[in-house]
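Here's the structure, in structure tokens; my notes come after.
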Amino acid sequence: NAEYMGIFKRVCFDFFAYVMQKSSVFKPGWNIEKRVKEDNRIAANEAYAKNVLVVSKNAEWHESQEKFQHSRRAKQEQRLIQEELAAANVELKIRRSARLKALLEEEARQYEHELAQLGLAIAKDRL
């Protein structure tokens, strides 16, 4: 165990020396620069997440509008159908009353004509 411990310490020391040699002496403030880079990365990720959230909310709103647009359109179409039916009913009543009036006038003329053939007449009040 002591032998392995000695080997482990030597490997660790050699590795540390290798890293120090490759990094050619740590620059002063490298840890601050590393922290600033990390903070900037985190800030960029947070900004991206916020943007994604805004886009998501916008998409949800449009989706809800689309969902309810169908029911609003159906209600509007139903209202227009009801208005058209009401207008058609009014026009039908006007046409029926005109036809009825024409029929009654024709029957009255026919009745007067039949009475005239018999030599009779209807007394009309004329003002």
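The values are calculated or read from the model by the stated rules, or taken from the named source; none is laboratory data. Remember, it's a predicted structure, so these values are computed and weren't measured experimentally. Ideal geometry is used to build each Cβ from the backbone, glycine not excepted, and the neighbour counts take in all protein chains shown. Accessible surface areas use protein heavy atoms only, side chains included; no ligands, DNA or RNA. Shrake-Rupley method; radii C 1.70, N 1.55, O 1.52, S 1.80 Å.
Mind checking whether some residue in segment 3-11 is among the aromatic types (Phe, Trp, Tyr), surrounded by 10 or more Cβ atoms within 10 Å (Cβ to Cβ) and within 32 Å of the chain's Cα centre (by Cα)?
Pass one, segment 3-11, residues among the aromatic types (Phe, Trp, Tyr): 4, 8.
Imposing the further condition that a residue be surrounded by 10 or more Cβ atoms within 10 Å (Cβ to Cβ) reduces the set to 8.
From the residues that got through so far, the ones that are within 32 Å of the chain's Cα centre (by Cα) too are none.
Within segment 3-11, none of the residues are among the aromatic types (Phe, Trp, Tyr), surrounded by 10 or more Cβ atoms within 10 Å (Cβ to Cβ) and within 32 Å of the chain's Cα centre (by Cα).
Select, from Ser64, Ser97, Ser71, Ser56, the only residue that is open to solvent by less than 90 Å² (accessible area, probe 1.4 Å), of a type outside the set (Val, Ile, Thr) and within 30 Å of Ala123 (Cβ to Cβ). I'd like the intermediate steps shown before the answer.
Details: Ser64 fails: within 30 Å of Ala123 (Cβ to Cβ); Ser71 fails: within 30 Å of Ala123 (Cβ to Cβ); Ser56 fails: within 30 Å of Ala123 (Cβ to Cβ).
Testing whether each residue is open to solvent by less than 90 Å² (accessible area, probe 1.4 Å), of a type outside the set (Val, Ile, Thr) and within 30 Å of Ala123 (Cβ to Cβ) leaves just Ser97.
Conditions (1) of a type in the set (A, V, I, L, M, F, W, C); (2) within 12 Å of the chain's Cα centre (by Cα), marked per residue:
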position	(1), (2)
Gln65	no, yes
His70	no, yes
Ala74	yes, no
Glu83	no, no
Lys93	no, no
Leu103	yes, no
